[in-house]
Amino acid sequence: MWHLLPPSALLLLVSSVTQADRSKAVVHLDPPWVRMLKEDSVTLTCQGAYPPEDNSTRWYHNGTRISSQNPSYFIGAAKLEHSGTYQCQTGLSLRSDSVKLQVHSDWVVLQTSKSAFREGEHIRLRCHSWRNKRLYKVTYIQNGIPKRFFHNNTEFHIPEATLNHSGSYFCRGLIGQRNTSSAVVPITVGDPASLLIKPSFPSWPQIAFCLVIGLLFAMDTGLYFLVQRDLRRSMRGKKEYNVKWSQDQDK
């Protein structure tokens, strides 16, 4: 039945199948923190499938294409305007999910690799000071309750997250004689099944793409059969006209 479809419909169908088979690229951060302070540095790396001898990468900041085409995008001295969502795309991958980077102007920030975790995951929290100034007598607080104290600045690790680890976190410590506190960071720990289901749902751009493909396919196919029907009718009418003309000639 494939030979009955017009070429344009086949092209759209193949295009939609190809899009479905492609996997998403992934953005990785080094260091892995999504919250940072002004003048910090971070490298964003795009992991995805590349065509042979072509590692050009498309980068997007808040949905707008940026000039870099390298697999890695380096921010050397972060500014507030570097805050926002970042995505990447390679030649053989779909555009990645967004990674939200937050740049703060403060003395201290509580850093984490993300804000939503599955049960059993490892959570790392880091109390980070501006320009890496010496920070000591550091306390990590969850929902207003001190959870861990370090005389010297040290990361707070939760090896296996549980639902009880959800809540509002911040840290405080001393820089010289200055008592400083970070802003509050909400952290959610959820059921692994529910958190794993979410990425499997298609994004709105993918849904819109599939709807457009289906609509174009239906319109193109309907137009094709209408043209075929009209063509057959015109050919049939032409034959009948020729027959009548021949009979008139005999008379």
Original post:
Got at least one residue in region 85-94 being assigned to a loop (DSSP other than H, G, I, E, B) and either under 18 Å from Y169 (Cα atoms) or open to solvent by 10 Å² or more (accessible area, probe 1.4 Å) (or both)?
Top reply: yes
**OP:** Output the qualifying pairs, or none if there are none: Cβ atoms under 8 angstrom, residues six or more apart or on different chains, first residue in region 127-149 and without any contact (Cβ under 8 Å) to a residue 12 or more places away in the chain, second residue open to solvent by less than 10 Å² (accessible area, probe 1.4 Å).
**Re:** P146/Y140; K147/Y140; K147/I141; R148/Y140
**OP:** For residues that are touching a residue at least 60 places away in the same chain (Cβ under 8 Å) and touching a Lys or Arg at 6+ places or on another chain (Cβ under 6 Å), tally how many sit in region 66-92.
**Re:** 2
**OP:** May I ask you to list the residues in region 167-196 that are out of contact with any Cys (no Cβ under 8 Å at 6 or more places or on another chain), within 15 Å of L110 (Cβ to Cβ) and not in a strand (DSSP E or B)?
**Re:** A183, V184
Original post:
What single numbered condition from (1) in contact with a strand residue (DSSP E or B) (Cβ under 6 Å, 6 or more places away or on another chain); (2) buried (at least 18 other Cβ atoms within 10 Å of the Cβ) fails to hold for H82?
Top reply: (2)
**OP:** Give the residues of region 120-154 that are over 22 Å from K100 (Cα atoms) and in a loop (DSSP other than H, G, I, E, B), sorted by residue number.
**Re:** G120, K133, R134, L135, N143, G144, N153, T154
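The values are calculated or read from the model by the stated rules, or taken from the named source; none is laboratory data. For clarity, every value in this text was computed on a predicted model and none was experimentally measured. FYI the Cβ positions are ideal-geometry reconstructions off the backbone, even for glycines, and counts take in every protein chain you see. For accessibility, only protein heavy atoms count, side chains too; no ligands or nucleic acids. Shrake-Rupley method; radii C 1.70, N 1.55, O 1.52, S 1.80 Å.
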